[in-house]
Amino acid sequence: MAEDAILGFLESNKNISDSGQFAADVGIDHNEIINVIKSLHGFRLVDAQDIKKEKWVLTGEGKSYTVAGSPEVQLFLAIPPEGISREELQKMVDPSVYKIGCAQAIKNKWVEMGKQLVSRKVQNVEDRVKDLLLQIQEGEVVDQEDIDALKRRKLIALQTWKGYSLQRGPNYAPKRKKAVTDLTREHLQRGDWKELEFKEYNFSAKGPPAEGGYLNPLLKVRRQLQNIFLQMGFEEMPTNNFVESSFWNFDALFQPQQHPARDSHDTFFLKVPSTTRELPEAYVERVKCVHESGGYGSRGYGYDWKREEANKNLLRTHTTAVSSRMLYLLAQQKSFTPKKYFSIDRVFRNEAVDRTHLAEFHQIEGLVCDRGLTLGDLIGVLHDFFSRLGMSKLRFKPAYNPYTEPSMEIFSYHEGFKKWVEIGNSGMFRPEMLLPMGLPEDVRVIAWGLSLERPTMILYGIDNIRDLFGHKVDLNLIKRNPICRIGID
Ligand code: PHE
C-alpha cells in the first residue's frame, strides 16, 4: 500500500519533498513509508535524500504538566486567600510539586513564605508554563528564551527526526516488477522467461563460513610425535602401503608360518589381489632356510616353510613391516650407514570391537640401527623419547616377540590414575632376522612401538575409542578440540 502510494504519487508529481508530510497526507505510518523508500531506493526506482529535522518534544514530566498544570500554579491554587501553614500546605500537594512549586512561585513573586503562614501575593496567576508546553506539543514556534527555560527545567528535549525527500530514480516504474531468483522448468515451458526480470547475482555477498579443515585429535598428536622424532634426529619411513605381503609383515620378522597371529582370526587377508607379485628371491631363500633349519646362531623352527604362505597379501598388522623393508633396503647399500627411523601410521587387526579396540588403529614406531648397540642404549633412548611426552617414570618388563630378543614391555607411572600403565613394546631385533638381510655382523637394531590412540585418549580425556575414530565420532568434538602441545618445550 505504501509502495503503491509513493510510486503512484511520483507518476504525476516531480517529487516528494518530505516523507513525514507525505505520510501524514496519505495517512500511513511514517516508519512504514521509510522502509518502503529504502527498498525502492536500493533498486533505484526512486532516488532518495536524507532529511534531518530537529524538534522539541515534551519529557514525561513536561507531559504531566500539560494535564495537571505547572507545579507553581498547582501550589498557588492550593493556598486559600486567608493563607495556610506550611505543614497544612505540604499535606495538600505532592512532595515534588511542593518543592518545585515553592521555588518557582517565590521566584515569580506569587507567594510569600511567612514564618507562620504561606500567603498569596497576587490575586490571579496565569499558567504560562503549561501553555508553552501545549504550544510545543502542537509543533508551534516558541521564543528561544522560553525554550531555554523549559529545557533547563528538563520539561522538553531535542529530538532529531529523520525522513527523506525523493524523486523518480533511473529504474522508476509505476509498479515494481518482482525480480525472479531462479529460472525454472515452468518458466521455460510457459515462455515467461522472455518477459521476466531476473535478480542479478551479488558477487560481493559473503558466503556461509567454510566448514572444513578441522583436525582429528589423532592427527594433532601425530604431528607432535613427528616433531619429537625429528628433534631427536629420526627420519620418517614411507608408510604409504596398507596392503603388505605376509613375507614382509611376518616371515622377514622371523614369525613362523603357524603363528596364531597369521590366522585369519587375527589378520585381514586380501581376496583381490590375493598374492604379492614379487619378492627379493635370494633373500627369500635365506629367510626360508633360517625358518626351517636356522643359521646365524639360530636353531630355526624346524618346519616346512611354504612360499604360498609368504606370498599372501594382507592389511599390515603392524608398522614393523615397514621397518623390515627399510632395514632390508639399508642392508643393500654398498657401505653401512647408521640410521634412526620412525613411522606413525595405520595398521589393521581382526579384533572384536570394544571401548578400547577397533579393527584399525595407528602405531608409532622408532628404531635405531648402528654398530654395537646394547640394551642399555634402548633403555636410554626410551627414557629420552618418553620424557619428551611427559612420561619420565618408566619400568620395563621382559616380554616375547618373535623378532626381538631381548624384548621389553614399557610401563609408565600415570600420576592421574596412580598406577603403572603399559605404554609400549620394544626390543633388539634378532640376528637371525638382521643377518639374512645382509647387515654387517656387529650392527644391532633397537626398536619400540606404541599405539597413537592410547596417548591421544589420555591427553584428550576420551574413554571410548569409538568417540575418537570412526562413524560415531561427534563432529563437534573434532571442531572444538584444543591444540596439542606435547614435546614443544
Ligand atoms: N610390532 C610390535 C607391536 O605390534 C611393536 C614393536 C616394535 C616391538 C618394535 C618391538 C620392536 O606391538
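Coordinate-derived values only; no laboratory data. Keep in mind it's a predicted model, so treat the numbers as computed, not measured. Ideal geometry is used to build each Cβ from the backbone, glycine not excepted, and the neighbour counts take in all protein chains shown.
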(request) Per DSSP H run of at least 4 residues, take -39500 (n - 2.57); add these up for the chain, divide by its residues and hand me the 222 nm value, nearest 500 deg cm²/dmol. (result) -10000 deg cm²/dmol
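Within 10 Å of each residue's Cβ, count the other Cβ atoms and sort MET408, MET326 from fewest upward. Display every interim value, and only then the final one.
Values: MET408 23, MET326 18.
The order, fewest Cβ neighbours first, is MET326, MET408.
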(request) Counting only chymotrypsin sites (Phe, Trp or Tyr not before Pro) that are in a DSSP loop and have at most 10 other C-beta atoms within 10 Å, tell me the longest site-free stretch of the chain. (result) 204-416
(request) Sequence neighbours fewer than 8 away in the same chain don't count; with that in mind, list the lysines whose C-alpha is under 25 Å from LYS151. (result) LYS52, LYS53, LYS55, LYS63, LYS99, LYS107, LYS109, LYS130, LYS162
(request) For the stretch 397-413, just list the computed ³J(HN,Hα) in residue order, Karplus coefficients 6.51, -1.76 and 1.60, θ = phi - 60°, integers in Hz, with x standing in for Gly and Pro. (result) 10, x, 9, 10, 9, x, 9, 10, 7, x, 10, 9, 7, 10, 10, 10, 7
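Work out the length of the dipole vector of the chain about its Cα centre, built from +1 on the beta-carbon of each Lys and Arg and -1 on the beta-carbon of each Asp and Glu, and round it to the nearest 20 debye. Could you put the intermediate results ahead of the total?
Numbers: 67 positive and 66 negative charges, 113 e Å.
That gives a dipole near 540 debye.
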(message) Place a point 7 Å from Cα of LEU279 in the direction of its Cβ. Which residues in the stretch 380-402 have their backbone N less than 20 Å from it?
(response) 402
(request) For LYS479, go through the aspartates and glutamates and keep the ones whose alpha-carbon is under 12 Å away, minus same-chain ones fewer than eight residues off. (result) GLU211
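Within the stretch 227-327, which trypsin sites (Lys or Arg not before Pro) sit in a loop by DSSP and count at most 14 neighbouring Cβ atoms inside 10 Å? Intermediate results must be reported in sequence, preceding the final value.
Working: sites: ARG262, LYS271, ARG277, ARG286, LYS288, ARG299, LYS306, ARG307, LYS312, ARG316, ARG325; in loops: LYS271, ARG277, ARG299, LYS306, ARG316.
Passing sites in the stretch 227-327 are LYS271, ARG277, ARG299, LYS306.
Counting every Cα pair in the stretch 207-268, what percent are over 16 Å apart?
On the way: 1296 of 1891 pairs.
In whole percent, the long-distance tail amounts to 69.
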(message) Taking amide H atoms as placed 1.01 Å from N in the peptide plane, list the residues 5 or more away in sequence, or in a different chain, whose amide H sits under 5 Å from that of THR239.
(response) none
(request) Enumerate the calculated ³J(HN,Hα) couplings along the stretch 343-360 in order (Karplus 6.51 cos²θ - 1.76 cosθ + 1.60, θ = phi - 60°), each rounded to whole Hz, writing x wherever the residue is Gly or Pro. (result) 8, 9, 7, 7, 9, 9, 9, 7, 10, 6, 7, 9, 5, 10, 10, 10, 7, 9
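Using the C-alpha gyration tensor of the stretch 8-138, what are the square roots of 5 times its eigenvalues, in whole angstrom, with the largest one first?
Working: eigenvalues 554, 32, 23 Å².
So the equivalent ellipsoid measures 53, 13, 11 Å along its semi-axes.
How big is the C-alpha Rg of the stretch 288-403 next to the rule-of-thumb value 2.2 N^0.38 Å, as a ratio? Walk me through the numbers on the way to the answer.
Numbers: Rg = 17.5 Å, N = 116, 2.2 N^0.38 = 13.4 Å.
Normalised Cα radius of gyration, the stretch 288-403: 1.30.
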(request) Could you name the lysines whose alpha carbon sits less than 26 Å from that of LYS199, not counting residues in the same chain fewer than 8 places away? (result) LYS38, LYS175, LYS177, LYS178
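DSSP loop GluC sites (Glu not before Pro) in the stretch 70-178 with at most 11 other Cβ atoms within 10 Å of their Cβ, which ones?
Values: sites: GLU72, GLU82, GLU87, GLU88, GLU112, GLU126, GLU138, GLU140, GLU145; in loops: GLU82, GLU126, GLU138, GLU140.
Qualifying residues, ordered by number: GLU82, GLU126, GLU138, GLU140.
As an exercise, identify the GluC sites (Glu not before Pro) in the stretch 270-305 lying in DSSP coil whose Cβ has no more than 10 other Cβ atoms within 10 Å. Mind dumping the intermediate values first?
Working: sites: GLU278, GLU281, GLU285, GLU292; in loops: GLU278.
Here the GluC sites (Glu not before Pro) that fit, given the DSSP loop and packing criteria, are GLU278.
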(message) Skipping prolines and chain starts, which residues have an amide H placed within reach, meaning under 5 Å, of the one on ALA399, given they are 5 or more residues away or on another chain?
(response) SER407, MET408, GLU409
(request) Return the sequence-ordered ³J(HN,Hα) values of the stretch 268-274 in whole Hz as given by the Karplus equation 6.51 cos²θ - 1.76 cosθ + 1.60 applied to θ = phi - 60°, using x for Gly and Pro. (result) 8, 9, 8, 8, 9, x, 7
(request) Pull up all non-local amide H partners of ARG430: gap of 5 or more, or a different chain, and H-to-H distance under 5 Å with H placed in the peptide plane. (result) THR404, GLU405
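Among bridges DSSP assigns within the chain, what percent are antiparallel (round to 5)?
Numbers: 64 of 67 bridges.
Among the beta bridges of the chain, antiparallel pairing accounts for roughly 95 percent.
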(request) Select from ILE100, GLN144, GLN74 the residue farthest towards the positive end of the dipole of the chain; place +1 on Cβ of Lys and Arg, -1 on Cβ of Asp and Glu, and compute about the Cα centre. (result) ILE100
